[in-house]
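Novice: First the structure, which I've put down as structure tokens, then a few questions once you've had a look.
Nothing in this text is a laboratory measurement; each read-out follows from the coordinates by a stated rule. Worth saying up front: this structure is predicted, and the values here are computed from it rather than measured.
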Amino acid sequence: MPGRGLGDGDLLTAVEGLAARRSVRQIAGDIHGADADAVVDWDPDRDVRAQMRRLVKRARFLMKGGSLEFAAGQRPHM
């Protein structure tokens, strides 16, 4: 989906994917659909791959207790 931004639901999907030990590419398939061009053509230079890496970084941060900073209204330090 061109121009599709990643939202909180996608962040939750990434957290669940990491908990299930799925790869970044598999998580991208969960979010965009396994047959999406972004997943089929998993090219290092594509924007969607960079977006997914950032999303997974945020998900890992939350899994390590970063959600407590969000709840306290603090700016997260990743």
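Novice: Residue separation times 0.36 nm, minus the C-alpha to C-alpha distance between ASP45 and ASP30: what's the value?
Specialist: Roughly 3.4 nm would be gained on extension.
Novice: For the stretch 8-67, what is the convex hull (Cα atoms) projected area averaged across all directions, in square nanometres?
Specialist: Average of the hull's projected areas for the stretch 8-67 equals 3.8 nm².
Novice: When the chain is fully extended, how far beyond the present Cα-Cα distance does ASP37 get from ASP8, taking 0.36 nm per residue of separation?
Specialist: Difference between extended and current length: 8.2 nm.
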